[in-house]
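So the structure is just underneath, and the comments pick up after that.
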Amino acid sequence: MIDCVFRRDGEYFIPTDGASSPWGARALHGGPPAGLLARAIEAMAPDPAMQVSRLTIDLFRAVPREPLAVRTEMVREGRRILAVQASLFAGSVEVSRATGLLLRHTEVELPDHHLPPGVAHPGPEGFQTTGLSAVMDADGNPVQRMSMLPGFHTLIEVRRVGGRPGSGRATAWIRIPVPLVEGEETTPLVRLAATSDFGNALGSIRASAQTGFINADITLYVHRLPVGEWICLDTVGAAQPHGVGLMQTTVYDAEGSVGLVAQAVLANQRV
């Protein structure tokens, strides 16, 4: 039974079966490394009033299922704005890098028309819990599309609200049922970062049976940290004939919008 995604061993994070990707047992899904990098950047905040408002993650290469180390650096330290960089290493190889922008909270009064939108979709209650590989049939019921190697994508709980496979559109609630790091409570930001990579998977663009799109990065904007364990991803994707596109995801909790995710996507042909 998987009870966490990573275990600590000194400065290293040891991936469990719950960190693996659908592409092979020796590579990690993009979500767990994103969560580790968000965890490291969030820890650099001098006090709770400094919130990570933008997190950009570059996925340089597949992250191997090996002991991982995170190194952080303060790039800019101001009273109201901080910029932090974090790098993820497998041995001496930098496999992913993130930059975080932290902004200080300031209490202001805003007219209602400036506030973010409220809940745009039904909550997770009443929808069937499935894995990521389930899709919606013509009657709006989830159907298992294919079997997948176990990993983070099968560990998460998914409740699909809508979307068709390969259409570039999808809406689903996601919950991570175990801690990202053993013995630690997963913070709202880390939970958000670890699920942000699923926009492209949920709303995948499929040009043909042989051509899909993979994402090369994740940029997450957060105006409010999510409340509760369930996070809703509402995804819309588009691509150009030259094989480059963009996946855009609005992120919700049960109270309303909390932020946006953008992912650059690249055509990937299977042979």
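Counting only helical runs of four or more DSSP H residues, what would the 222 nm mean residue ellipticity of the chain come to if each run contributes -39,500 (n - 2.57) and the total is spread over all its residues?
Numbers: 4 runs with 29 residues, N = 271.
Mean residue ellipticity at 222 nm (helix-derived): -2500 deg cm²/dmol.
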HN-Hα couplings for the range 45-52 via Karplus (6.51, -1.76, 1.60; θ = phi - 60°), in whole Hz with x for Gly/Pro, come out as 5, x, 7, x, 6, 8, 10, 5
Quick note, the range 1-125: a/c under 1.5 would make it rounded; otherwise a/b > b/c is prolate and the rest oblate (a ≥ b ≥ c, C-alpha gyration tensor); here it is oblate
Work out, in µm²/s and without decimals, the Stokes-Einstein translational diffusion coefficient of the chain at 20 °C, 1.002 mPa s, Rh from Kirkwood over C-alpha pairs. 113
Percent of Cα pairs exceeding the 26 Å cut-off, where the set is the range 142-271: 21
For Asn268, enumerate residues with amide H under 5 Å from its amide H, sequence gap 5+ or separate chain, H modeled in the peptide plane. Gly212, Phe213, Ile214
Looking at the chain as a GNM with Cα springs under 10 Å, which of Trp23, Trp230, Trp173 has the largest mean-square fluctuation? Trp23
Under 10 Å, Cα contacts only: if you run a Gaussian network model on the chain, which one of Asp58, Asp197, Asp234 comes out with the highest mean-square fluctuation? Asp58
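Which FRET efficiency value, to the nearest 0.05, is calculated for Leu266 and Arg169 with the Förster distance at 30 angstrom and r the Cβ-Cβ distance? Walk me through the numbers on the way to the answer.
On the way: r = 19 Å, r/R0 = 0.64.
Between Leu266 and Arg169 the formula returns 0.95.
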Quick check: residue separation of Val75 and Ala216 times 0.36 nm, minus the Cα distance between them. What number comes out in nm? 48.4 nm
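Bear in mind that the values in this text are calculations on the coordinates, not laboratory data. Please read these numbers as outputs of a predicted model, since none were measured by experiment. Every residue, glycine as well, gets a Cβ built from its backbone with ideal geometry; the counts of neighbours run over all protein chains shown.
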